[in-house]
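Notes to accompany the following structure.
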Amino acid sequence: MADLPRSDVEKAEFAFSIYDADGSNKIDAYDLGDVLRALNCNPTLALVEKLGGTKKRGEKLLSLEEFLPIYAQVKKDKEQGCYEDFLECLKLYDKNENGLMLLAELNHALLALGDPLEPEQVEAVFKDCMPEENDDGEIKYAPFLAAMCEVEPPQE
């Protein structure tokens, strides 16, 4: 079954069921990226679209049987990025090399670079993962990133 261990299939079934709003055992292809991200994958918007995701709600439905091979493929993708990759990117904003970056720069990066997020998405990310901002408008980016990637924060 989609070349996934049973534990991954169970996680996928659970995440899929959350997005199965009407109990039809199908999800809207518009939610494909969200379901994959709920399973700790980091697909780009372009990849989600390539795999069958849609830009509008109601255009296409996916069954669990269709979703599992997509999940298996994305899980195997080595170009998703991981905590260490993202940490190296955020170090570019650490001008004093002290583990801090300006919150405004992080906000700008999330809104404008790569696959940009919507302002509401950035607000939700900040609400859920943001450490305290210091008096200079800086945050410790490693704990923020650890919360985003759901890994153990680095020891200081």
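What follows is calculated from the coordinates using simple rules that are stated; it is not laboratory data. Note that the structure is predicted; figures quoted are calculated from it, not measured. Heads up, the Cβs are rebuilt from the backbone with ideal geometry, glycines too, and the neighbour counts pull from every protein chain shown.
Per residue, the chain reaches -15000 deg cm²/dmol at 222 nm when only DSSP H runs of four or more residues are counted, each adding -39500 (n - 2.57).
Under the shape rule built on the C-alpha gyration tensor, where the axes satisfy a ≥ b ≥ c, the stretch 42-156 is prolate, since a/c reaches at least 1.5 and a/b is greater than b/c. For the pair residue 45 and residue 104, what calculated FRET efficiency results from E = 1/(1 + (r/R0)^6), where r is the Cβ-Cβ distance and R0 = 22 Å, to the nearest 0.05? After rounding to 0.05, the efficiency reads 0.35. Between residue 112 and residue 59, the C-beta separation translates, for a Förster distance of 22 Å, into a calculated FRET efficiency of about 0.20. For the pair residue 84 and residue 10, label points projected 7 Å from Cα toward Cβ lie 2.9 nm apart.
Close amide H pairs (under 5 Å, H built 1.01 Å from N) link residue 138 with 103, residues at least 5 positions away or on another chain.
Put a dot 7 Å past the Cα of residue 96, heading toward its Cβ, do the same for residue 147, and the two dots end up 2.1 nm apart. With a threshold of 29 Å on the Cα-Cα distance, the over-threshold entries among 91/127; 55/127; 11/140; 26/91; 60/91 are 11/140; 26/91; 60/91. Of the residues 4, 89, 134, the one whose Cα sits farthest towards the positive end of the charge dipole of the stretch 1-144 is 4 (charges of +1 on Lys and Arg Cβ, -1 on Asp and Glu Cβ, taken about the Cα centre).
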